[in-house]
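None of the figures in this text is laboratory data; all of them are computed from the coordinates on show. Bear in mind the structure is a predicted one, so any value in this text is a computation, not a measurement. All Cβ positions, glycine included, derive from the backbone under ideal geometry; neighbour counts span all protein chains shown.
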Amino acid sequence: MAEQVAEQTADKNRIDRPEDHQVPQKSSKRFIIIGIVAILVIVGLLWWWHSTYYEDTDDAQVNGHLIQISARIQGHVLKVNVDENQYVEAGTVIAELDPKDFETVVQQDQANLESAQASYEGAKVNVPVTHISTGSVLSSASSDVSSADAQVSQAQHQLQAAQSGVLQAEANNTKAQLDLQRYRPLVEKDVISKQQFDAAVAAADGDKAALEQAKANLEAANSAVRIAKDRVASAQASFKNAQTAPQLVAIQKARADQAAAQVQQAQAALDQAKLNLSYTKIVAPTAGIITKKSVEAGQNVSIGQNMATLVSLDDIWITANFKETQLEHMRQGQHVDISVDAYGGRKYDGKVTQIGGATGSVLSLFPPENATGNYVKVVQRIPVRIDLTNHDQNSDHLLRPGMSVEPKVRVK
């Protein structure tokens with residue numbers, strides 16, 4: 001028993017000797033060194049991989065549309081239907097203006113339109129009526145001219161007949177007077193009977209009366225010719241006046257066209273009045289959150305006065321300011337991994353859609369002047385627009401304009 005205890009004690013002493021542990025300790029140090037080197041190599045490979053195939057920046061933020069809600073007409077605010085930071089859908093009525101004045105204008109313009117339409121209908125009906133009536137007048141005037149010309153010709157023939165009758169009557173009268181002069185001495189000498197002389201006297205008086213009648217007929221024929229010529233002149237004047245029928249029709253058509261234009265003008269005024277009436281309800285053009293609300297009920301607003309700001313949450317994009325040295329391999333359409341600081345690094349998918357046309361310093365209010373002699377080269381940054389490719393990831397509208405994000409662009 002004592003020998004077994006002694007042997008165990010000797011074995012324990014042999015195990016605890018330092019020289020017996022030297023080989024395992026050296027082996028463990030070697031493994032540690034190899035592990036550290038392997039870790040450093042892996043880290044180096046990861047860094048090389050990341051720096052070669054990815055470009056990232058922490059100078060990036062969420063951007064969106066900030067829509068200024070303003071009044072398109074001047075009016076009195078009756079009601080405000082939204083509160084600060086309230087989410088609204090597209091078409092939500094934000095504020096209502098007093099519509100009474102605009103309703104009155106609509107009624108007045110409606111009455112003006114009906115009056116213009118009635119005037120147009122009357123003018124439009126007069127066009128064919130004028131065309132027909134003036135055509136009839138022209139045809140009648142042409143007939144009157146022809147008839148008057150025929151009457152002149154007839155009167156001239158009658159004048160010629162009257163002139164011939166005067167000549168014949170003068171000849172007969174001359175003969176009768178000469179016969180009377182011859183019969184007078186014969187009756188005094190009783191060569192012829194008293195009865196024959198009285199017959200000669202009666203014949204001379206009859207021929208003299210016939211001459212007077214022929215002269216009267218000649219004067220009447222001359223008057224008839226003058227009257228007929230006057231009728232020709234009057235008929236020709238009426239014909240010339242009737243020849244203005246196309247101009248009268250054109251004038252009436254122009255009046256109808258003017259009335260039609262007045263109808264269109266009245267319609268446009270009515271449409272504008274209805275538009276102004278619709279503007280009394282100020283609605284949200286898109287879905288978003290109301291901020292900077294500055295309108296209250298009872299307030300008078302003017303055209304273009306800012307009433308609130310609507311932050312659209314549907315059309316969201318990222319503006320990342322990359323160093324100019326990072327843009328060598330960056331192109332449109334490259335995939336982007338987006339990490340949002342506000343939500344513990346929540347990931348979103350995106351793509352590069354636009355690369356800015358100038359650096360931020362050039363687009364600033366006071367761009368730097370490098371020709372001053374004390375130039376210091378500074379790496380510039382260019383804004384890059386990144387759009388979300390999976391909009392379902394932002395269906396909860398957690399991304400808000402101004403949030404800080406860290407985009408990582410796969411450039412290779």
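Pairs with C-alpha atoms separated by more than 19 Å, drawn from the list 323/408; 377/408; 323/412; 79/292; 100/292, are 377/408; 100/292.
Applying 1/(1 + (r/R0)^6) with r as the Cβ-Cβ distance of residue 397 and residue 351 and R0 = 25 angstrom yields a FRET efficiency of 0.75. Could you name the aspartates and glutamates whose alpha carbon sits less than 17 Å from that of residue 229, not counting residues in the same chain fewer than 8 places away? Straight-line reach from residue 229, under 17 Å: 144, 149, 219. Taking R0 as 25 Å, what FRET efficiency do you get between residue 179 and residue 212 from their Cβ-Cβ distance, rounded to the nearest 0.05? Computed FRET efficiency for residue 179 and residue 212: 0.85.
Under a cut-off of 26 Å between alpha-carbon atoms, report the lysines in cross-link reach of residue 253, not counting same-chain residues fewer than 8 places apart. Candidates past the 8-residue exclusion: 124, 240.
Checking every one of the GluC sites (Glu not before Pro) in the stretch 320-412 against DSSP loop status and a limit of 11 other Cβ atoms within 10 Å picks out 328, 369. Straight Cα distances below 18 angstrom link residue 215 to the aspartates and glutamates 170, 205, 207, with same-chain residues fewer than 8 positions distant left out.
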